[in-house]
Every structure is written in structure tokens, then in C-alpha cells.
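Here's the structure, in C-alpha cells; my notes come after.
The values are calculated or read from the model by the stated rules, or taken from the named source; none is laboratory data. For clarity, every value in this text was computed on a predicted model and none was experimentally measured. With ideal geometry, Cβ positions are generated from the backbone for all residues, glycine too; neighbour counts draw on all protein chains shown. Calculation scope for accessible area: heavy atoms of the full protein, side chains included, ligands and nucleic acids excluded. Shrake-Rupley method; radii C 1.70, N 1.55, O 1.52, S 1.80 Å.
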Amino acid sequence: MAASAQREPPQLSLKAFRAWTATRPEEEHRELLDGFPTRRTPPTKAHQRIASNLERLLNDALVHTPERAAYQRVGLNLGPVVENYDPEPDVVVIDVAESPDERYADRFYLIAEVVSASDRPKIEGKREIYKLHAACNCILTIQQDRHELRIDRRAGNGWTTQILTRPADELVVTDFGLRCTLADLYRGTPLQTRSGK
């Protein structure tokens, strides 16, 4: 007798996913990627420190743009451009007074993902999805285990990519007033240089 074919779990709609996550414990972090719920493992201390450093640096830089702010782990409404996709990036720049929804944003301008080894297989797809959002101008992908930052910037109808790998390399994102070194992102992590820079 032939073995029965293994079935894939059914895809969830965005509405069903959000209803389901509302019943889950608050400390669980999940994303809906192509209709399939994925559980995010708890971030490492280095991951959290990098995200906190970037959020602080962005908010300090955005002081002259009070209508925007950087936040950690805000959900994004990507429909109707992409359905059944409910990501929760590490850091996002959004409009402060966009909507009363405390968990989700409709419009985002900058996205940052701090990437661990387990995230690497899906990050390319996430970057491509973020690029479809008309207001998104910058995507930062930060490696948590080595000095490496990929910067994707919107340039007209396309995107440019820059990669920084040295602690002294400068991250300059003029649209958000941000100017810092790569070392500034890794401050307080095991990758921080011994000289404290």
C-alpha cells in the first residue's frame, strides 16, 4: 500500500492570523509569511542591543522631523500590495500620528532587520516585499554576528545597494538625518571594539 501524500498546512488569511495571534501569549512573536505563520525565536542580547542602538540613533536624528519616529517591532499592514504577509521588523520609521492602532502601521519609510543565522534564508524575500511599499525608501539589513550592514535605498524607479563592513565605515541616510559609524550600531555587543568606539 502506497504511503499517503503528506499535506501542507492550509494558508492563513491576514484576518485569521491576527485573530489567532490575539489568543497567543504576549511573549510569543510570530509573523505571517506567504500565508504561513512563523514563530520568531527570542532575540539574542546582541540582536536586541543593535536594534535599540539603531532606534535611539534614528530618533535622535529625527528630532527635526517630529512627525516621524523610529519604533521596534511594529507590525506592518502591507495589503493590498501583498496579501497574507504580516511582518514585524526589528526597527521601522513611521508617521507618529498615523493611526490609533498601537500594533500596526500602514505607511513606513525605513525598515531595519537584525539578522541571525536562522533568519538568513528568508531575509531576501522580506527585502523584496518591503521594496513593493511605495513609501519605503530605505532597508537596512544588519548582521548580528559580524560587522556587516546592507543598505538598500530607493533611487527613482530602482534600488541601489551599499554594504558596510568596517567599524569605522559611515552610515549616512540623509532622508532621516542619520549619520553614524557602523561601530555605533554594535556598541554594547561582543563585537564592540576594545577601544570603546
Per the filter on region 151-175, residues closer than 14 Å to ILE111 by Cβ and modelled with pLDDT under 95 are ASP175
Any residue in region 146-153 that is open to solvent by 20 Å² or more (accessible area, probe 1.4 Å) and not in a loop (DSSP other than H, G, I, E, B)?
yes
Filter region 65-107 down to residues that are modelled with pLDDT under 70 and charged (D, E, K, R) and give me whichever is surrounded by the fewest Cβ atoms within 10 Å (Cβ to Cβ).
ASP101
Looking for whichever is modelled with pLDDT of 95 or more, open to solvent by 30 Å² or more (accessible area, probe 1.4 Å) and either of a type in the set (Asp, Glu) or in a loop (DSSP other than H, G, I, E, B) (or both) here; the options are ARG194, ARG187. Which one fits?
ARG187
Pull up region 168-183, narrow it to residues that are surrounded by fewer than 18 Cβ atoms within 10 Å (Cβ to Cβ) and either in contact with a strand residue (DSSP E or B) (Cβ under 9 Å, 6 or more places away or on another chain) or of a type in the set (Asp, Glu) (or both), then point me to the one that is nearest to ALA61 (Cα to Cα).
ARG179
